[in-house]
1. Filter segment 173-205 down to the residues that are among the small types (G, A, S), within 19 Å of T107 (Cα to Cα) and in a strand (DSSP E or B) and list them by number.
2. If I ask for residues that are assigned to a helix (DSSP H, G or I) and of a type in the set (D, E), which ones from segment 138-160 would you list?
3. Is it the case that segment 63-77 has a residue that's farther than 24 Å from F244 by Cβ, loosely packed, with under 11 Cβ neighbours inside 10 Å and more than 26 Å from the chain's Cα centre (by Cα)?
4. Being crowded, with 18+ Cβ neighbours inside 10 Å and over 21 Å from the mean Cα position of the chain (by Cα) is the filter; apply it to segment 83-102 and report the residue that is farthest from L214 (Cα to Cα).
5. Looking for whichever is touching an Asp or Glu at 6+ places or on another chain (Cβ under 9 Å) and assigned to a helix (DSSP H, G or I) here; the options are L73, L82, L135. Which one fits?
6. L120 passes all but one of (1) exposed (fewer than 15 other Cβ atoms within 10 Å of the Cβ); (2) modelled with pLDDT under 95; which number fails?
7. Inside segment 146-159, can you point out the residues that are out of contact with any strand residue (DSSP E or B) (no Cβ under 7 Å at 6 or more places or on another chain) and either within 30 Å of P124 (Cβ to Cβ) or at pLDDT 85 or above (or both)?
8. Could you go through segment 118-130 and let me know if any residue there is assigned to a helix (DSSP H, G or I), within 18 Å of A75 (Cβ to Cβ) and without any contact (Cβ under 8 Å) to a residue 40 or more places away in the chain.
Amino acid sequence: DLSIQLSPRPSPRASPPVVPSLARDRAEDLQAESRAMTRAAAATVYTPELLASRYGSQPFQVAMRAAEVLSKLGAFGLKLLLDQQRGESSSSAKRRARAVELRTVLTRLGPTFVKIGQGLSTRPDLCPTEYLEELSELQDSLPTFPDEEAFACVERELGFPLDSMYSAMSPSPIAAASLGQVYKARLKYSEQLVAVKVQRPGIEDAIGRDFYLLRGLGFLINKYVDIITTDAVALIDEFARRVFQELNYVQ
């Protein structure tokens, strides 16, 4: 959309006072960009063994996250149980209200559970219409994170100030998703308009911890829940691979 106004942005860090030659400056920028892309590609590969190694040594953090997830989802599940006992579970108005609550709970639990909600929003075989409609809002009605955090993240990954790569950038996101948000920018050297995708701060660590927890739940389901005949761990691994592929902005 070329109607979006691009405004020149000062870098969050001051540019160095010495201006190198254009060729050398461009070569350094390309090298830094290549290093950032290599780091990003290597970091966003789903490996269950790596998750076990990383988060198995963080019992306190994992326990705190497990308590948060179980408390929020448990409270919601208790409301559904009470609705059923009171004979209200078939009420469309009640289902609508609970669907709104579920959307709020998943949003507050973060990107992993937003992705789960997005998946459920496309499954009419699993969810009533009221839930499908409410969870579909997770596709495009997500809050953004602060712009200054996004710009600082781009600088940190590239290793140089924004104004050495871009001559202008939109002051706010043109789109936001569960994993990040998108800005429009103009390249300094070619004047080409580009989309700059920025991941939410700490998202890879948060998603990795959540899938470590979910895999543990999957093992328990496989062992103790006879009614579910599908391999729960395999399903979780497949879903995790897709999410981690989405985290790979280089591909």
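The values are calculated or read from the model by the stated rules, or taken from the named source; none is laboratory data. Since the structure is predicted, the reported quantities are computational estimates derived from the model, not experimental observations. Cβ placement follows ideal geometry from the backbone for every residue including glycine, while neighbour counts extend to all protein chains displayed.
1. Those that are among the small types (G, A, S), within 19 Å of T107 (Cα to Cα) and in a strand (DSSP E or B): A175, A176, G180.
2. Once the filter is applied, which keeps residues that are assigned to a helix (DSSP H, G or I) and of a type in the set (D, E), segment 138-160 yields D147, E148, E149, E155, E157.
3. Checked segment 63-77: no residue is farther than 24 Å from F244 by Cβ, loosely packed, with under 11 Cβ neighbours inside 10 Å and more than 26 Å from the chain's Cα centre (by Cα).
4. Among those residues, the one meeting the criterion is R95.
5. L82
6. Among (1) exposed (fewer than 15 other Cβ atoms within 10 Å of the Cβ); (2) modelled with pLDDT under 95, L120 violates only (1).
7. Hits for segment 146-159 are P146, D147, E148, E149, F151, A152, E155, R156, E157, G159.
8. Within segment 118-130, none of the residues are assigned to a helix (DSSP H, G or I), within 18 Å of A75 (Cβ to Cβ) and without any contact (Cβ under 8 Å) to a residue 40 or more places away in the chain.
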